[in-house]
1. For the stretch B:83-140, which residues satisfy the criterion of being within 14 Å of B:Leu65 (Cβ to Cβ) and in contact with a Pro (Cβ under 8 Å, 6 or more places away or on another chain)?
2. Within the stretch B:59-97, how many residues are surrounded by fewer than 23 Cβ atoms within 10 Å (Cβ to Cβ), acidic (Asp, Glu) and under 21 Å from A:Val196 (Cβ atoms)?
3. Taking the stated definitions as given, is B:Ala186 more than 21 Å from B:Leu45 (Cα to Cα) and in contact with a Gly (Cβ under 7 Å, 6 or more places away or on another chain)?
4. Within the stretch B:68-101, take every residue that is within 17 Å of A:Val200 (Cα to Cα) and of a type in the set (A, V, I, L, M) and give me the one that is modelled with the lowest pLDDT.
5. Being under 18 Å from A:Glu153 (Cα atoms), within 14 Å of chain B (Cβ to nearest Cβ) and touching a residue at least 24 places away in the same chain (Cβ under 8 Å) is the requirement here; does A:Leu93 meet it?
6. Taking the options A:Pro110, A:Pro78, name whichever one is of a type outside the set (Lys, Arg) and surrounded by 14 or more Cβ atoms within 10 Å (Cβ to Cβ).
7. Considering each of B:His132, B:His89 in turn, give the residue that is facing another protein chain (nearest Cβ under 8 Å), over 26 Å from A:Arg97 (Cβ atoms) and part of a helix (DSSP H, G or I).
8. From the list B:Ser104, B:Ser138, B:Ser129, pick out the single residue that is in contact (Cβ under 8 Å) with a residue 24 or more places away in the chain, buried (at least 17 other Cβ atoms within 10 Å of the Cβ) and in contact with a Lys or Arg (Cβ under 9 Å, 6 or more places away or on another chain).
Amino acid sequence: MERGDERPVGRCDTRRGFVRGALGGAVAAGFMAARSQPAAAGLLTGAGSDGELLEKLLGIEQAVIYAYRHLIASIRPPASVASTLRKFLGHELVHARMLSDELSRRGRKPPAPPRSASAVDAVLTALGVNGRLEQIHGWEQALQLLVFVEWGEAGAYHDAILKLADPALVRLATQILTCEGQQSTVLIELAHHGDVQRAVPHAFLPLVPELAA
Amino acid sequence: MVGDSTRVSRRDLLAVSGAAGVALALAGCTDVTTSTNPTLSKLALKANPSDVPILNGLLEIEYLLAYAYTAATPLLNRADSRTTRQFLHYELAHITVLRTLIDSAHGKAAAQRSTYPLGHRQGARELLSLLHRIKAESIRRYLSAIPRLSHGGVRGLTASIMANEGQQLTVLRKSLGLEPVPAALATGAE
């Protein structure tokens, strides 16, 4: 490992520094909303019960599903990238179905899925992602946006885990959080052509406030 | 900071007790110590005493991971050893956080063993397979432990560690030519 590449572990990184370290460059940093606090916490504001938290998480998954579908259709990625994106879209669909099943068990109906790119953009902004779906040109840019989307999702699941009461839901949220982290790792590797040093940029995902003071 | 010339030996790992000491011995690095790291010294979470046995169970698997990475790193090729050295640092950070949480509950942190049975592995693929197997076991341990933790903040912090373990598992799987993210839910069975 080159000395200049070494990333000390446990250092008091800022979120922006974390982003630059992982993806590099102003383009990537531009996808991150200019907010100092993890945005997902705001997205879950007002959700106290397990049912309310499930509803919020499902709303996020629905927006992410829309984003994957939109980007796959619009950016015409190379076959290997398209294959990965379709696989991850499949994972997001599984997440949404499981959350929806849990909602149904609690006698609640799933929220209506978003019907426009601008509605999805609003969710992404609330997750701390600045990118606009309609402004993504090229698969490399799309990959970078999706990395931020996955990190935003990871933040939402982390914040839900703080509040969820049912241990079975804590387990489910932890499994999905880990999957989102794994997907972000693959997306970074695709964007940076196999650079595993960037693909796992920190010892924690998300970079929780307690460790990023 | 660790450069290419730095050798991380099992002797180094075992020569000191306590994760902070391990980190110092490994890297001459002050970043992961509770005494000098401003991040961890600010860790305000207070774990409940009832959670100490669960956290110690996680600490045990982190010791094993750190030991395995330490043992494997010198035997891997340059690219793989760069990766495992980075991951070793992450495990040391996890150890430090878990010990800090146990301390916060006035509990006694489990001590690392003098040795861990890793068997005799021949070649890079067998070593990576071993790391993969232990990493998958760590996912199973975290998945079993996290829902049983009583404190939401501690659940969140340990979940953020498990997510990182999942990321590492993905890299190891890719190195082994396996599907990097084989399922929509991480189980540790993959």
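1. B:His89
2. Residues flagged as surrounded by fewer than 23 Cβ atoms within 10 Å (Cβ to Cβ), acidic (Asp, Glu) and under 21 Å from A:Val196 (Cβ atoms) within the stretch B:59-97 amount to 1.
3. Values: more than 21 Å from B:Leu45 (Cα to Cα): yes; in contact with a Gly (Cβ under 7 Å, 6 or more places away or on another chain): yes.
So B:Ala186 passes the test.
4. B:Ala79
5. Judged against the criteria, A:Leu93 is a match.
6. Details: A:Pro78 fails: surrounded by 14 or more Cβ atoms within 10 Å (Cβ to Cβ).
Criteria check complete, one pass: A:Pro110.
7. Numbers: B:His132 fails: facing another protein chain (nearest Cβ under 8 Å).
Selected residue: B:His89, the only one of B:His132, B:His89 that is facing another protein chain (nearest Cβ under 8 Å), over 26 Å from A:Arg97 (Cβ atoms) and part of a helix (DSSP H, G or I).
8. Sole residue among the options that is in contact (Cβ under 8 Å) with a residue 24 or more places away in the chain, buried (at least 17 other Cβ atoms within 10 Å of the Cβ) and in contact with a Lys or Arg (Cβ under 9 Å, 6 or more places away or on another chain): B:Ser104.
The values are calculated or read from the model by the stated rules, or taken from the named source; none is laboratory data. Worth saying up front: this structure is predicted, and the values here are computed from it rather than measured. Every residue, glycine among them, receives a Cβ derived from its backbone with ideal geometry; neighbour counts consider all protein chains shown.
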